[in-house]
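**Student:** Here it is, the structure, as C-alpha cells.
The values are calculated or read from the model by the stated rules, or taken from the named source; none is laboratory data. As the structure is a computational prediction, the values presented were derived from the model and not from experiment. Cβ: placed from backbone, ideal geometry, glycine included. Neighbour counts: every protein chain shown. All accessible areas refer to the heavy atoms of the entire protein, side chains included, with ligands and DNA or RNA removed. Shrake-Rupley method; radii C 1.70, N 1.55, O 1.52, S 1.80 Å.
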Amino acid sequence: MAGKPAVVLVHGFWGGAAHWAKVITALDRRGFGALHAVENPLTSLADDAERTRKMVRQIEGPVVLVGHSYGGAVITEMGDLPNVTGLVYIAAFAPDAGESPGGITQEKPPAAADNLVPDSDGYLWIKPEKFRESFAQDLPEDEALVMAVTQKAPLASTFGDAVTTPAWRTKPTWYQVSADDRMIHPDNERRMAQRMNPRKTIELAASHASLASQPEPVADLIEEAANAGS
C-alpha cells in the first residue's frame, strides 16, 4: 500500500498492544505494511499521550491513529501532531476539553461498573471471574480467560485525567460504537461520536472487545480512514 498512511494502534485499560492481534493480522492481509501498536504504561493520561507521541514522531509520513477504549482519550490528547491524518475510535472515549474518562463514565454508568475493584497499590482491576461478562462476552471462554489473566490494570487516578485540547476538533474522525458494550455505556459512545461529526460512524452488535470479536469490520473502518488520508 505505497503512499498509504502508517497505522498506530493504541490500546485501552485492562489490556495491552496484543489486544489488537486480530486487527493487525486483518490489516496485514490487506497489504498494510506500516503497522505499529504502542504499549502504554496506563499510569496517567500525560504519560500515555507522551509515549504514543514519541512513537508517532519516529514515523516518517502520514499516520492514522486508532484508539480502543481509553486509547481514544490518548489519541484525543496527542493526536494534533502534524503528520496525523485521521483519528479512528473503536468503542472509545473521545473526551472534550476538561472532560475525563471517569467523568464521562459517571454521567451514564455502564453495566459492568460494579465489577471493577481497586487494589492496595492504587490500580483498578476487572474482577477476573467477571472479566468475560464485563469486557468480552462475545469471545470464546478460552480467549476471554487469557485476557482476564493478562489484563493490564491502570492506576485508578488515570480515570480522572482530563483532556486539554481535543484533537478531534481539528482532525478527521471515524467512530465504531459497540451496541452491547458493558464497559462504556453505548449511549455515551453514540453521544461522543455524534458531537465529533465523524466522516463515518458504524455500530456493531459487539462487546467492548469489538477489536477482538469483530476485527474485520474494525479493519474496514481503519482502511477507510487510511484511504481518506492517502
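**Student:** Could you tell me which of rounded, prolate or oblate describes the range 101-154, using a ≥ b ≥ c as the square roots of the eigenvalues of the alpha-carbon gyration tensor, with rounded for a/c under 1.5 and, failing that, prolate when a/b is larger than b/c and oblate otherwise?
**Tutor:** oblate
**Student:** Calculate the all-directions average of the projected area of the range 126-228's alpha-carbon convex hull, and give it in nm².
**Tutor:** Result: 7.4 nm².
**Student:** Please list, by residue number, everything in the range 72-114 whose backbone N is under 19 Å from a paramagnetic label point 7 Å out along Cα→Cβ of Ala21.
**Tutor:** none
**Student:** Could you tell me the extents of the range 25-110's C-alpha atoms along the three principal axes, largest first, rounded to whole Å?
**Tutor:** 41, 25, 22
**Student:** Next up: Tell me, in nm to one decimal, what length is gained between Arg57 and Thr150 on full extension, where the rule is 0.36 nm per residue of separation less the Cα-Cα distance?
**Tutor:** Full-extension gain reported as 30.6 nm.
**Student:** Got a number for carbon plus sulfur as a percent of the range 1-98's accessible area, 1.4 Å probe?
**Tutor:** 52 percent
**Student:** Using alpha-carbon pairs under 8 Å, 6+ residues apart, how would you state the relative contact order of the chain in percent?
**Tutor:** 26 percent
**Student:** Taking the DSSP beta bridges in the chain as the whole, what percent of them are antiparallel, to the nearest 5?
**Tutor:** Here the antiparallel bridges make up roughly 15 percent for the chain.
**Student:** In terms of the Cα gyration tensor, with a ≥ b ≥ c the square roots of its eigenvalues, is the range 65-104 rounded because a/c is under 1.5, prolate because a/b exceeds b/c, or oblate?
**Tutor:** Oblate is the answer for the range 65-104, as a/c is 1.5 or above yet b/c matches or exceeds a/b.
**Student:** Along its principal axes, what span do the Cα atoms of the chain show, with the longest given first and each in whole Å?
**Tutor:** 46, 37, 30
**Student:** Moving on to the next point. Which FRET efficiency, nearest 0.05, do Asn83 and Ser120 yield, Cβ-Cβ r, R0 35 Å?
**Tutor:** 0.25
**Student:** Compute the relative contact order of the range 60-111 as a whole-number percentage, counting only Cα pairs closer than 8 Å that sit 6 or more residues apart in sequence.
**Tutor:** Once divided by the residue count of the range 60-111, the mean separation gives 37 percent.
**Student:** Using a 1.4 angstrom probe with every protein chain in place, what is the largest-first accessible-area order of Thr173, Thr201?
**Tutor:** Reading off the accessible areas and sorting them downward yields Thr201, Thr173.
**Student:** Quote the relative contact order of the range 169-208 in percent (integer), defining contacts as alpha-carbon pairs under 8 Å separated by 6+ residues.
**Tutor:** 58 percent
**Student:** Could you tell me the number of lysine pairs in the chain with C-alpha atoms less than 27 Å from each other, where the two lysines are 8 or more residues apart or belong to different chains?
**Tutor:** Within the chain, the lysine pair count is 20.
**Student:** What distance in nm lies between label points placed 7 Å from Cα along the C-beta direction at Ser44 and Thr170?
**Tutor:** 2.3 nm
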